[in-house]
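We did not get these values from a lab; they are worked out from the coordinates using the rules stated. As the structure is a computational prediction, the values presented were derived from the model and not from experiment. Here the Cβ is made from the backbone with ideal geometry for all residues, glycine too, and neighbour counts use every protein chain on show.
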Amino acid sequence: MEVSLSPKAKARLARLHETITVSASYYGDPAPGAVKHADEVGQIDLGRAMVEIPGAGGRAVIPGASVKRQRLAWLATPTPEVNVNVFSSRHSGPDNLLDCAFFQDTVAVARQAPVKLACKLIGER
């Protein structure tokens, strides 16, 4: 994932010595015989990975080590999906400061090329 920031967001995070968190949640639809393993929204939860990058943005490499591989057999398709969200790490205060794009597609699509996620400050035009 390639995280970019608006100039205002970059300046504010620098002033606050704040970092950025990139969170990836892995999941998939259950195979017919695995519906009993689905969570409350009807999906198979495969785990989550979170990485912290500098407040200036940049590349976030998300390790797949947290994926619960034993659950892959419960999926209806061979390729799990991933939802990636970006937010300020909240070291400088309790609230998220960033309004960022997100990514949601298969892991295979995410691996094809660096996914670009743009961020600005919440409320910034």
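In the chain, Cα pairs under 8 Å separated by at least six residues give a relative contact order of 34 percent. Relative to the longest principal axis of the Cα atoms of the chain, the long axis of helix 7-16 makes an angle of roughly 80 degrees. Here region 56-90 is scanned for amide nitrogen atoms under 16 Å from the site 7 Å beyond the Cα of Val109 along Cα-to-Cβ, giving 77-85. Electrostatic tally near Pro7: other residues with Cβ closer than 11 Å to its Cβ, Lys and Arg +1, Asp and Glu -1, net +3.
Please get the size of the charge dipole for region 2-121, origin at its Cα centre, with Cβ charges of +1 on Lys and Arg and -1 on Asp and Glu, quoted in debye to the nearest 20. Write down the numbers at each step before the final one.
Working: 14 positive and 11 negative charges, 81 e Å.
For this selection, approximately 380 debye.
Just the Kirkwood number for the chain, please: inverse of mean 1/r across all distinct Cα pairs, in Å, one decimal.
Working: mean 1/r = 0.0645 Å⁻¹.
For the chain, inverting the mean 1/r across all distinct Cα pairs yields 15.5 Å.
From the alpha carbon centroid of region 72-125 to that of region 4-43 is 5 Å.
In region 10-72, what trypsin sites (Lys or Arg not before Pro) fall in a loop by DSSP, with at most 15 other Cβ atoms inside 10 Å?
Working: sites: Lys10, Arg12, Arg15, Lys36, Arg48, Arg59, Lys68, Arg69, Arg71; in loops: Lys68.
Here the trypsin sites (Lys or Arg not before Pro) that fit, given the DSSP loop and packing criteria, are Lys68.
Shape summary: region 53-125 maps onto an equivalent ellipsoid whose semi-axes, from the alpha-carbon gyration tensor, are 28, 14, 12 Å in decreasing order.
Taking a Cβ cut-off of under 13 Å around Lys120, the surrounding Lys, Arg, Asp and Glu residues balance to a net charge of +2, with basic ones at +1 and acidic ones at -1. Placing unit charges on the Cβ atoms of the charged side chains and taking the dipole of region 2-121 about its Cα centre, the candidate lying farthest along the positive direction among Val22, Ala101, Gly55 is Gly55.
Starting from region 81-125, pick out the chymotrypsin sites (Phe, Trp or Tyr not before Pro) whose DSSP state is loop and whose Cβ has at most 14 other Cβ atoms within 10 Å. Don't skip to the answer; put the middle values down first.
On the way: sites: Phe87, Phe102, Phe103; in loops: Phe102.
For chymotrypsin sites (Phe, Trp or Tyr not before Pro) across region 81-125 that sit outside H, G, I, E and B with at most 14 neighbouring Cβ atoms in 10 Å, the list reads Phe102.
Counted by Cβ distance under 13 Å from Arg111, the other residues give a net charge of -2, where Lys and Arg count +1 and Asp and Glu count -1.
Can you give the FRET efficiency for Ala38 and Lys116, using 1/(1 + (r/R0)^6), R0 = 30 Å, r = Cβ-Cβ distance, to the nearest 0.05?
Working: r = 32 Å, r/R0 = 1.06.
Computed FRET efficiency for Ala38 and Lys116: 0.40.
Fully extending the segment from Asp29 to Glu52, taken as 0.36 nm per residue of separation minus the present Cα-Cα distance, adds 5.4 nm. Applying both filters, DSSP loop and at most 12 other Cβ atoms within 10 Å, to the GluC sites (Glu not before Pro) of region 11-76 gives Glu40. Residues within the reach of a label modelled at Ser66 (point 7 angstrom out along Cα to beta-carbon, backbone nitrogen below 17 Å), restricted to region 77-101, are 80-91.
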